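So the structure is just underneath, and the comments pick up after that.
Where a number appears in this text, it was derived from the coordinates with a stated rule and is not lab data. Just so you know, these numbers come straight off a predicted model, no measurement behind them.
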Amino acid sequence: MDETDDDYLGISSKISLATRQRLILAIDEGVVDENSLISFLKNKENRVSKHQRKLQKKSWQNEGLEKNNSKVKAPPKLISQADSLKVFGETVSSKAINFSKPDNPALKDPDFNFSSIFLNGFSIRKMAVKYPDLIVMPKNRSKDLLDRYSLPGEYYISLKNPLVNLSVSAEKENWPDGCYRLDINLTVELLICLLNLGQAIPDIYFKTNYYPNGKELCLKVDDRKIIFRSLDKINGSASGLCLHKDEPWMDNITIP
């Protein structure tokens, strides 16, 4: 490349010139798709915002935890590893399972109905091979969407809660501290388990991640099939959140 440094002023100077050149070359040669880059940055921004909120509230939250730790019990188990084995015919090794801690006062809140749920963290692509007729694949099938995966573990999840039909800012103000919106692949795995185990599923669109075009992506069970819709295409139907208690081990993963 024979471009000068001036050609890269549009990208933060905190990034080295060599890295900036590699990024622009990757975009020019089609190695990095613009929409995939937008989707990646959007989800990273959400992760950064979540981390900042956790830091801002850490002091008083720790004080509250000290007072409430002895009173918080683990949520009741809704889906076990044995249940997951029945659904998928396989699960991860027991040694690989991560465990959530009952150290958040929100777990006692009856309005959020937290449950203990085992999830393998499978990608949507892998689950679609097992259940091709259960998942109605979206038209936009980016690698970020289909190959996103998560760490296996015991998740504390709030499936039924008051966070319905709220704006993004209102959701963040009203969801419990130390909790976050469940990622799309985990939401798909959860819904597959609930369907196969005959568990009740709220009749709402669950907000998850974002399409590459930046639109908010939702999931819903409709006629016993999992469908994908952008938030602006749900035609006034109820939309809400499937929350999970955030744990440090959940961030120790990268998108392949």
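Tabulated data
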read-out	value
When each of Lys73/Lys245; Lys71/Lys220; Lys126/Lys245; Lys143/Lys207; Lys86/Lys130; Lys143/Lys215 is checked by Cα-Cα distance, pairs over 23 Å	Lys71/Lys220; Lys126/Lys245
D (Stokes-Einstein, µm²/s), Kirkwood Cα radius, region 33-251, 1.002 mPa s at 20 °C	120 µm²/s
